[in-house]
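One structure is given below, encoded as structure tokens.
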Amino acid sequence: MNILIIGPAGSGKSLLTGEFGQYLKEYYSVKLVNLDSGAIQMPYKPDFDIREFFTLNEIMTKENLGPNGATLEAVARMKNIDFPTFEEDFVLFDTPGQLEPFVFRGGAEEFRKITDGSIYLIDGTAPLNTFPSQYLYSLASQYALNTPMVRALNKIDLIEPKKMEKLERIMMDPRMFQARDERKMRSQINMDIANLLMEMYTPSQFPSISAKTNDGFENLATYLLETVRTDEKSVENFSFTTSQND
């Protein structure tokens with residue numbers, strides 16, 4: 001099962017790749033793939049590392065490009081890489097720090113045909129009023145990738161209890177967006193967004209996790225399997241009650 005881990009810069013993708021991969025290894029065989037050519041240090045040891053072919057700094061130096069231009073060039077170069085085919089139960093793909101070039105500029109095209117699903121990380125430490133925008137961004141990403149997606153609220157270990165309570169209420173009923181802005185036009189937009197979200201996802205299937213402490217990993221794994229099972233390529237006998245490696 002090939003899973004893309006995506007999300008905005010700083011949302012915790014690399015840490016989740018390493019920690020969630022370690023968690024899954026208790027039950028399944030797992031491989032970790034790094035697609036971020038700009039990474040300096042990794043919190044895990046990749047089984048396949050794009051940096052063995054090129055790095056962002058190398059592209060910037062050789063092509064005389066700035067960070068953004070080099071990022072676009074790195075995404076373009078991925079299409080020429082012969083990625084291995086792993087036979088493990090799970091392959092987690094740690095995607096580039098900048099979400100936009102990878103998802104919306106063709107970087108993910110090469111992986112769409114082999115991807116069974118994705119995990120989109122929402123940074124729980126971001127201001128509360130950005131939550132509607134973050135969720136819409138995840139919907140746009142899912143549309144671009146055209147794969148089953150689990151959205152996860154990350155960094156719950158850093159969220160104050162009062163804010164966490166508000167986030168949980170919003171996740172259960174997005175119509176609470178309307179109450180966060182009394183300006184007429186903004187309020188109407190928030191309500192339209194809330195109605196869209198109520199149609200697009202099941203509120204209870206929005207796991208809150210911490211890539212740092214591993215809190216919520218069991219729920220994340222369960223929702224991931226349930227979501228990907230709707231895809232024809234999914235494996236029906238996955239379970240987290242017994243180990244497949246024994």
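The values are calculated or read from the model by the stated rules, or taken from the named source; none is laboratory data. A quick note: this is a predicted structure, and the numbers were derived from the prediction, not measured. Positions of Cβ are backbone-derived with ideal geometry, glycine not excepted, and every protein chain shown enters the neighbour counts. With ligands, DNA and RNA removed, areas are computed over all heavy atoms of the protein, side chains included. Shrake-Rupley method; radii C 1.70, N 1.55, O 1.52, S 1.80 Å.
For the stretch 60-74, state whether one or more residues are more than 25 Å from residue 137 (Cα to Cα) and buried (at least 21 other Cβ atoms within 10 Å of the Cβ). Scanning the stretch 60-74 turns up no residue that is more than 25 Å from residue 137 (Cα to Cα) and buried (at least 21 other Cβ atoms within 10 Å of the Cβ).
Of the candidates 54, 90, the single residue that is modelled with pLDDT of 95 or more, over 14 Å from the mean Cα position of the chain (by Cα) and crowded, with 21+ Cβ neighbours inside 10 Å is 90. Only residues that are of a type outside the set (A, V, I, L, M), in contact with a Leu (Cβ under 7 Å, 6 or more places away or on another chain) and modelled with pLDDT under 80 were counted in the stretch 107-134, giving 2. Restricting 59, 40, 6, 50 to those that are over 25 Å from residue 158 (Cα atoms), out of contact with any Asp or Glu (no Cβ under 6 Å at 6 or more places or on another chain) and among the hydrophobic types (A, V, I, L, M, F, W, C) reduces the list to 50. In the stretch 108-127, how many residues are touching a helix residue (DSSP H, G or I) at 6+ places or on another chain (Cβ under 6 Å), over 27 Å from residue 76 (Cα atoms) and open to solvent by 20 Å² or more (accessible area, probe 1.4 Å)? Residues flagged as touching a helix residue (DSSP H, G or I) at 6+ places or on another chain (Cβ under 6 Å), over 27 Å from residue 76 (Cα atoms) and open to solvent by 20 Å² or more (accessible area, probe 1.4 Å) within the stretch 108-127 amount to 1. Out of the residues in the stretch 138-152 that are buried (at least 16 other Cβ atoms within 10 Å of the Cβ) and either polar (S, T, N, Q) or at pLDDT below 85 (or both), which is nearest to residue 167 (Cα to Cα)? In this case the residue turns out to be 138.
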